[in-house]
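The values are calculated or read from the model by the stated rules, or taken from the named source; none is laboratory data. None of these values were measured; they are calculated from a predicted model. Here the Cβ positions follow ideal geometry from the backbone for every residue, glycine too, while neighbour counts run over all protein chains shown. Remember, those area values only see protein heavy atoms, side chains included, never the ligands or the DNA or RNA. Shrake-Rupley method; radii C 1.70, N 1.55, O 1.52, S 1.80 Å.
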Amino acid sequence: MLKKEQLISDIKNMGLKSGDMVNVKVSLKAIGKIEGGAKTLIDAILDVIGEDGTLVCDSFNDTICRYTRFIHKNRITNEKTKSYAGAFVNAVLSHPQCYRSTHPLLAFSAIGKKAKEMTEAYTIESEPYGFLEDMANMNAVNLRMGDKVIGVGTTHVAICKHGFQQKYIPNGIYYIDEKGEKRWYEHFWASGCYKGFNMLFPYYREGGAVIKEGKVGNANSMLTSMKKTLEIEMELFEHDGTAFFCKDPGCVNCAFTWKHSVYSYWQSAWVDLKRGDYKRFAFATLEAVFGTWHK
Ligand SMILES: [Zn+2]
């Protein structure tokens, strides 16, 4: 059972320091059993970054399909809606000093010095993932804990800034606007392939973006400079727009669903069929038939 003191020691050893603004991505399962659970990990991070630091996490909301939204017409998202992002994020949301942005879908949450001003500035009008770009510009760091955690926080920013177009089944969210009226907000930007994001680590290492690799509890962890990972991704995608693909010809997230994908739907679907992966074949077919372009 991990205690707070041990976590503080591990996190300091990762290179996180007083005054840091940190984007935290964590798999609690990978860390191991913590005395007091997710709250203890939050307290440990806040202890390390101190009063001048800011802890940020993605507390995004789940979407519903545009075509079947009438079934979910009473599912209205607000600032109190639980995120799909897991136990740590939901513990951050219930922290008494947590602020959450009003963006209906990309709702970032933060605790600490800049929490209030940053979350208030991030609204429905803001650029998708612009919050993370602002963090990169403020020399923030990303602390990822656990091998299954997705990326280092900046890859979505680079994909959106390059204007890559992706096809997927349109989806969105119902929310209440400032006049108290119910509105539909649609996801309009490209996403990415999560397996592909974690294949970019060698580039971060080579490019000097990794501050430290080590362990927090049992979790393989990495502290990166968001400014540097974003710079590396911007340059890499400029030369190779397929760099964030996972290279699996059967992958619905990248094989044929981008304007610059290297396979066709038929090639990708055939790979799924040959593997006997009928579920993925069905999903690929739905994406090909009902998907619309997003950027
Ligand atoms: Zn993929």
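Considering each residue of segment 114-123 in turn, none proves to be touching a Leu at 6+ places or on another chain (Cβ under 9 Å) and closer than 27 Å to Lys195 by Cβ. Per the listing Met199, Met222, the residue uniquely assigned to a strand (DSSP E or B) and of a type in the set (A, V, I, L, M) is Met222. Within segment 219-241, residues that are over 13 Å from Phe201 (Cα atoms) reach partners that are assigned to a helix (DSSP H, G or I) and open to solvent by 60 Å² or more (accessible area, probe 1.4 Å) with beta carbons closer than 8 Å, at six or more positions or on different chains, in the pairs Lys227/Asn137; Met234/Lys161. Exactly one residue out of Phe244, Phe281 is under 30 Å from Met14 (Cα atoms) and of a type in the set (Phe, Trp, Tyr): that is Phe244.
Do we find a residue being away from the ligand (no atom under 11 Å from the Cβ), buried (at least 16 other Cβ atoms within 10 Å of the Cβ) and not in a helix (DSSP H, G or I) anywhere in segment 235-252?
The first filter runs over segment 235-252 and keeps only residues away from the ligand (no atom under 11 Å from the Cβ), leaving 235-241, 243.
Now narrow it down to the ones that are buried (at least 16 other Cβ atoms within 10 Å of the Cβ): 236-237, 241, 243.
From what's left, not in a helix (DSSP H, G or I): 241, 243.
For segment 235-252, residues away from the ligand (no atom under 11 Å from the Cβ), buried (at least 16 other Cβ atoms within 10 Å of the Cβ) and not in a helix (DSSP H, G or I): present.
Of the residues Ala190, Ala209, which is more than 17 Å from Met145 (Cα to Cα) and touching a strand residue (DSSP E or B) at 6+ places or on another chain (Cβ under 8 Å)? Walk me through how you get there before you give the answer.
Details: Ala209 fails: more than 17 Å from Met145 (Cα to Cα).
One residue alone meets the criteria, Ala190.
Counting only residues that are within 9 Å of the ligand (Cβ to nearest atom) and either open to solvent by 20 Å² or more (accessible area, probe 1.4 Å) or hydrophobic (A, V, I, L, M, F, W, C) (or both), segment 183-198 holds 3 of them. Scanning segment 114-127 for residues being surrounded by fewer than 19 Cβ atoms within 10 Å (Cβ to Cβ) and assigned to a loop (DSSP other than H, G, I, E, B) gives a total of 5. Going through segment 11-41 one residue at a time, which ones are open to solvent by less than 10 Å² (accessible area, probe 1.4 Å) and within 18 Å of the chain's Cα centre (by Cα)? Val22, Asn23, Val24, listed by residue number. Consider Asp52 against the criteria (1) within 29 Å of Ile11 (Cα to Cα); (2) under 21 Å from the mean Cα position of the chain (by Cα): it satisfies all of them except one. Which criterion is unmet? All conditions pass for Asp52, except number (2).
Answer with yes or no whether Ala255 is part of a loop (DSSP other than H, G, I, E, B), of a type outside the set (Lys, Arg) and more than 10 Å from the ligand (Cβ to nearest atom). So Ala255 fails the test. Among the residues of segment 258-276, the ones that are assigned to a loop (DSSP other than H, G, I, E, B), open to solvent by 30 Å² or more (accessible area, probe 1.4 Å) and within 15 Å of the ligand (Cβ to nearest atom) come to 4 in all.
Cβ-Cβ distances below 6 Å connect the following pairs, each with a first residue in segment 183-195 that is within 15 Å of Trp258 (Cβ to Cβ), a second residue that is within 16 Å of the ligand (Cβ to nearest atom) and open to solvent by 20 Å² or more (accessible area, probe 1.4 Å), and a separation of six or more residues or different chains: Ala190/Phe164; Cys193/Asn253; Tyr194/Ile150.
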